[in-house]
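Scroll down for the structure; my scribbles are underneath it.
The values are calculated or read from the model by the stated rules, or taken from the named source; none is laboratory data. Just so it is clear, the structure is predicted and the values come from calculations on it, not from any experiment. Every residue, glycine as well, gets a Cβ built from its backbone with ideal geometry; the counts of neighbours run over all protein chains shown.
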Amino acid sequence: MLEWMRSANSYGVWGFLSTLILFISYFTALKVLVLPKRRVPHLNFIFERKRDNNYDWPLRIMVKIRNFTGQPCVITSPYATLVKLRPDSRADRDSPSGQLEVKFDPREGEMLTEIDTLIRHRGEVHTWIPLDPAQRDEEVDAALSEATAGVFECKCVWVGERLRRHSLRVKIQRHPPSGK
């Protein structure tokens, strides 16, 4: 056995194995600590199309975020990237990337002005993403059903004894009806 280990060392097997272990550790830590997650259990995102011609933004994707994680959660830095849908021309966005700003209302009925919000356990918050009103409802519904509408990204900080922080990247999609 000792002789085999010496011959493996002369061929560089131990250096290769230690390098391989280092790379696996690096990519595992990168995935766990840095890259955005697609989901946090019990933090639910619900997306629905709404058209109301009596409103300043007639066509919108309504976003409801519900927190059943057991701890209060602060949602910060929310933005949306649309793929198959066109944003409203008046929507605030980042010019180079085309990402739409998503804001929250401080109280029901107010204008969307806040870039972060606190969701208590068993609480929910509402916001929306403005779309081009010239799009047909069928186009929006198809993009939501096929999960090709775009991506909603935000950072979540759980307030508790130990602060936890996650970056989330959630597909904008309609959930299938129950039983499917």
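Is there a residue in the range 40-57 that is surrounded by 11 or more Cβ atoms within 10 Å (Cβ to Cβ), of a type in the set (Val, Ile, Thr), farther than 29 Å from Asp137 by Cα and touching a residue at least 12 places away in the same chain (Cβ under 8 Å)? The answer is yes; a qualifying residue exists.
Number of residues in the range 6-26 that are aliphatic (A, V, I, L, M) and surrounded by 11 or more Cβ atoms within 10 Å (Cβ to Cβ) equals 3. The residue pairs whose first member lies in the range 67-86 and is among the charged types (D, E, K, R), whose second member is buried (at least 16 other Cβ atoms within 10 Å of the Cβ) and outside any loop (DSSP other than H, G, I, E, B), and whose beta carbons are closer than 7 Å, counting only pairs six or more residues apart or on different chains, are Lys84/Ala143; Arg86/Leu131. Taken together, the residues in the range 8-39 that are β-branched (Val, Ile, Thr) and modelled with pLDDT under 85 amount to 4. For the range 170-180, a residue qualifies if it is at pLDDT 90 or above and either of a type in the set (Gly, Ala, Ser) or in contact with a Lys or Arg (Cβ under 7 Å, 6 or more places away or on another chain) (or both), and exactly one does: Val170.
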